[in-house]
Amino acid sequence: MKETVVFESIEGGPIVLPISYNHIVQSMIYGNLDCELGDFLHNKGFKKEKRTYKMFTFSRLIGDFMLNKENGQIIFDKEVKLTISSPYNEFNNSIGYKLLSAEKIQLGNNQVIVKELKVEHENVNSEEIKITTLSPIVVYSTLFSADGKKFTYYFSPYEKEFSQIINRNIKNKYTAFYESDPPEEDIEIEPISRAKLSIVKYKDYVIKGYSGRFKIKGPVPLLELGISSGLGNKNSQGFGCVEVISD
């Protein structure tokens, strides 16, 4: 399910955030969940062997803005739109209720209120769909250099590993979330427009992801889970949020 929220500045002025704001939005989301639920997702999550999945993702902030690169700020004009997506009904109910009932919400150094909240259930009716990214899709693996040192390699949509890792990721999430084996058939994904590289700083880390339009095919239950929980890695940090498109 997707919840699209429009935030408005309480004082009617601009909403000022650092250019790299993912951790601020993530903190706002955790801060507006029921305490036990927030603690469970933040500290435990859904597990598949050694891997943990939070089962939510969110989009970039959308709105009229200007950049102040000298101060490292993005300045939105009065309001911003955010999409939060998850297959976990308890999460959806909690975040929706808390945001709507809050007198004020802290977004970085800004106090905002919810101007509008729209809920959408995305139904997947085909084993092949087209999607567009609302935040970059991140696909990576930890590799070893010739001297034995670890490094993170980010795959592009034009490398076969991109689709393979997304497929494995969705199947792991399925097992973790539903506590059952996933469908045997694989997920395949490929770009249908030029994939644009996005380099995002999350706290002290630099993360690389890709935005654009993609064709994705596979079993409907896996497609639905990928669309709602996010594609690829680092979903709860604001990556891999996508929506279904008709063309």
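The values are calculated or read from the model by the stated rules, or taken from the named source; none is laboratory data. Here the structure is a predicted model, which means the values were calculated and not measured. So basically every Cβ, Gly included, is an ideal-geometry build from the backbone, and we count neighbours across all protein chains shown. Only protein heavy atoms, including side chains, enter the accessible area calculation; ligands, DNA and RNA are left aside. Shrake-Rupley method; radii C 1.70, N 1.55, O 1.52, S 1.80 Å.
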Residue match in the stretch 84-100 (condition: open to solvent by less than 40 Å² (accessible area, probe 1.4 Å), within 17 Å of Leu117 (Cα to Cα), aromatic (Phe, Trp, Tyr) and at pLDDT 95 or above): yes
Entirely in the stretch 130-247, the strands (runs of 3 or more DSSP E) that have 3 or more residues that are open to solvent by 60 Å² or more (accessible area, probe 1.4 Å): 140-144, 150-154, 196-202, 205-211
So Lys69, is it modelled with pLDDT under 95, of a type in the set (D, E, K, R) and either open to solvent by less than 60 Å² (accessible area, probe 1.4 Å) or over 21 Å from Ser229 (Cβ atoms) (or both): yes
Residue, modelled with the lowest pLDDT, within the stretch 117-129, restricted to residues that are open to solvent by 40 Å² or more (accessible area, probe 1.4 Å) and under 20 Å from the mean Cα position of the chain (by Cα): Asn123
Flag for Val124 being touching a residue at least 40 places away in the same chain (Cβ under 8 Å) and in a strand (DSSP E or B): no
Residue list for the stretch 38-82, restricted to those being under 24 Å from Tyr210 (Cα atoms) and aromatic (Phe, Trp, Tyr): Tyr53, Phe56, Phe58, Phe65, Phe76
Within the stretch 186-211, tally of residues that are among the hydroxyl-bearing types (Ser, Thr, Tyr), in contact with a Gly (Cβ under 9 Å, 6 or more places away or on another chain) and under 17 Å from Ile19 (Cβ atoms): 2
